[in-house]
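Report on the following structure.
The values are calculated or read from the model by the stated rules, or taken from the named source; none is laboratory data. Here the structure is a predicted model, which means the values were calculated and not measured. Cβ: placed from backbone, ideal geometry, glycine included. Neighbour counts: every protein chain shown. Heavy atoms of the whole protein, side chains included, go into the accessibility calculation; ligands, DNA and RNA do not. Shrake-Rupley method; radii C 1.70, N 1.55, O 1.52, S 1.80 Å.
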Amino acid sequence: MNLRFVEAFHWAASLKSITRAAEKLHITQSTMSSRIASLEEELGVVLLDRREKQFRLTVAGQRFQLLAEKLLSLQRQIKQELGGGTAGPMALRIGSIESVVHSWLPGWLKEIRSQYPDFALELTVETSPVLMEQIRRGAQDLVFTSIVGSDTAVRSRLMASMEMVFVGHRDTHSNRIYRLAELAEGDLITFQRGSRPHQGLLQLFEESGLPMPRVHAISSISAMVQLVEGGFGVATLPRASVRELTRRLPLRILRCEAALPPLQIHASYREDPGSSLAELVLESASAFARRTQGKQRGQPM
């Protein structure tokens, strides 16, 4: 039995789509269909119900999917125990929100590259909802977002949270500590409407009993930094994303009597019985993020 044909069927069944499975395995849709048809011919059963446009497994297909997962898992185990150093280049498709890209992600990728010199990266920077849809469709191997998806086939793990802070211009914000009402007198800048930082900022004012301030929703950290640098207002940003910027730009992290809710980061991936790559790099990313966040909490403001 050709395990490439088994793998093709597994991903078609997991992603509920011939097209998405073909994209996942970097083959054409016709090749994908041919592999599944060859597998059906060899087994002597019909695995896919082709009578309707909606993707559907037959009863035999549902049973074989369970066996396919075991076969691919066994294949991975054999490679790990007997494969030696014959593995090819490590390619990984990673999606991330900007907050992670501007904090520990570059340092972690540098660490991964030192461990795997042939590491090939495909990095997508998007909002959390877009990234969760991509991992659901199998277009990403691992994503770092601020939300958890609802797809039962996608596994998620809570990463180290990111402390959120107020950031203002050094020349116009010189107080040692600010009251929330003082910051609300000017323009406040946060992430796109509906995001966790945006919701957290509105929740902070609601709980404080203060009137809702004038809030500007911006989807780019770079744009927010430029606005603050230009004297437009005060931004809410992850401390890890702006600490280095305060050393070379006229920015200052503002101490406030009221703390912003931390930004929870979740790592999500789709289990692959034929490869432990996502789990492997996730362990590394989780450890690196914890070390980085721990060091930053111990540094003075």
Item checked: Cβ pairs under 6 Å, 6+ apart, first in region 147-165 and without any contact (Cβ under 8 Å) to a residue 60 or more places away in the chain, second among the aromatic types (Phe, Trp, Tyr) and assigned to a strand (DSSP E or B) -> none
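If the requirement is being touching a Phe, Trp or Tyr at 6+ places or on another chain (Cβ under 8 Å) and either part of a loop (DSSP other than H, G, I, E, B) or modelled with pLDDT of 95 or more (or both), which of these qualifies: 261, 211, 273, 300?
211
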Next item on the list: Considering each residue of region 193-215, count those that are in contact (Cβ under 8 Å) with a residue 24 or more places away in the chain and loosely packed, with under 14 Cβ neighbours inside 10 Å, and give that number.
Entry: 4
Check: Could you count how many residues in region 221-270 are open to solvent by 50 Å² or more (accessible area, probe 1.4 Å), in contact with a helix residue (DSSP H, G or I) (Cβ under 8 Å, 6 or more places away or on another chain) and over 20 Å from residue 103 (Cβ atoms)?
Finding: 1
Item checked: Counted residues, region 1-45 - those being touching a residue at least 12 places away in the same chain (Cβ under 8 Å) and among the small types (Gly, Ala, Ser) -> 8
Item checked: Condition check for residue 72: closer than 25 Å to residue 154 by Cβ and touching a Pro at 6+ places or on another chain (Cβ under 7 Å) -> yes
Check: Is it the case that some residue within region 68-91 is modelled with pLDDT under 90, touching a strand residue (DSSP E or B) at 6+ places or on another chain (Cβ under 8 Å) and surrounded by 13 or more Cβ atoms within 10 Å (Cβ to Cβ)?
Finding: yes
Notebook entry, point to check: If residue 39 passes every condition in (1) in a helix (DSSP H, G or I); (2) touching a strand residue (DSSP E or B) at 6+ places or on another chain (Cβ under 9 Å) but one, which one does it miss?
Noted result: (2)
Next item on the list: Select from region 43-62 the residues that are open to solvent by less than 100 Å² (accessible area, probe 1.4 Å), farther than 28 Å from residue 140 by Cβ and not in a loop (DSSP other than H, G, I, E, B) and write down the one among them that is modelled with the lowest pLDDT.
Entry: 43
Margin query: Take the residues in region 176-200 that are within 15 Å of residue 237 (Cβ to Cβ) and assigned to a loop (DSSP other than H, G, I, E, B); name whichever of them is farthest from the chain's Cα centre (by Cα).
Written below: 187
Check: Of all residues in region 276-297, which are closer than 30 Å to residue 137 by Cβ and at pLDDT below 75?
Finding: 276, 277
